[in-house]
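> Please find one structure pasted underneath; my questions will follow.
None of the figures in this text is laboratory data; all of them are computed from the coordinates on show. Just so we're clear, the structure is a prediction, and the values are computed from it rather than from any experiment. Positions of Cβ are generated from backbone atoms using ideal geometry, with glycine treated the same way; all protein chains shown enter the neighbour counts.
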Ligand code: ZN
């Protein structure tokens, strides 16, 4: 990765940490789940509202390090309006992005999420970046009966 790209990615992370998007609890969320990363102390709760299979609203709150907050912020931006099937695909792609040794850095595909690819050089930070994603995965794999239309 060139130095310029690294700077650009750093800027995205700093921006999303300072001004997290979709931060704060959604009233009447269909599902919520807390994710905790004991290695770093990151503790974030994810809230999702569905319309059938589509994520119409998604947010998070809690506190964590810059990487965990930026990752959650970028994730909520990337997933709003997606179907659960699309969201699972983004989750899988993102998992490869931050854990593969030579990830495919397709900017078209990843958009700003590519900013987090750099964490693969810092194994201890991978859990920070993936915390909210694993929380999402838990929600998507969870018992659907916990989502009520009431
Ligand atoms: Zn962390």
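> What do you get for the angle between helix 3-18 and the principal long axis of the chain? Use alpha-carbon atoms, 0 to 90 degrees, nearest ten.
Between the helix axis and the principal axis of the chain, the angle is about 30 degrees.
> Compute the length gained on full extension between residue 11 and residue 100: take 0.36 nm times their separation in residues and subtract their Cα-Cα distance, giving the result in nm to one decimal.
29.8 nm
> What is the calculated FRET efficiency for residue 54 to residue 92, with r their C-beta to C-beta distance and R₀ = 22 Å, to the nearest 0.05?
Efficiency computed from Cβ-Cβ geometry: 0.70.
> Right, here's the next one. Under 8 Å for C-alpha pairs, at least 6 residues apart: give me the relative contact order for region 3-142, rounded to a whole percent.
Working: 225 pairs, mean separation 38.0, N = 140.
The value is 27 percent.
> Determine the calculated [θ] at 222 nm for the chain from helices alone, applying -39500 (n - 2.57) to every DSSP H run no shorter than 4 residues and normalising by the residue count; nearest 500 deg cm²/dmol.
Result for the chain, helices only: -15000 deg cm²/dmol.
> Show me, bin by bin at 10 Å from 0, the whole-percent P(r) of region 44-97 based on Cα pairs.
All Cα pairs, binned at 10 Å, distribute as 25, 52, 22, 1 percent.
> To the nearest 10 degrees, how steeply does helix 66-79 sit against the main Cα axis of the chain, on a 0 to 90 scale?
60 degrees
> Using the count of nearby Cβ atoms within 10 Å as a rough guide to exposure, how do 85, 101, 77, 34 rank from fewest to most?
101, 85, 34, 77
> Using only the alpha carbon atoms of region 3-142, find the Kirkwood hydrodynamic radius as the inverse mean reciprocal pair distance, in angstroms to one decimal.
Kirkwood hydrodynamic radius for region 3-142: 14.9 Å.
> Quick one: if you stick a label point 7 Å off each Cα along the C-beta vector at residue 25 and residue 77, how many nm between them?
With each label placed 7 Å out from Cα toward Cβ, I get 2.6 nm.
> Could you order the peptides 43-49, 87-93, 65-71, 25-31 from most to least packed, using the average number of other C-beta atoms within 10 Å per residue?
65-71, 43-49, 87-93, 25-31
> For the chain, find the longest principal axis of its Cα atoms and tell me its angle to the long axis of helix 84-99, 0 to 90°, nearest 10.
30 degrees
> From the gyration tensor of the Cα coordinates in region 66-141, what semi-axes in whole Å does the equivalent ellipsoid have, largest first, with each one equal to sqrt(5λ)?
18, 14, 11
> A follow-up question, please. Looking at the chain as a GNM with Cα springs under 10 Å, which of 22, 52, 137 has the largest mean-square fluctuation?
Greatest mean-square fluctuation among the candidates belongs to 52.
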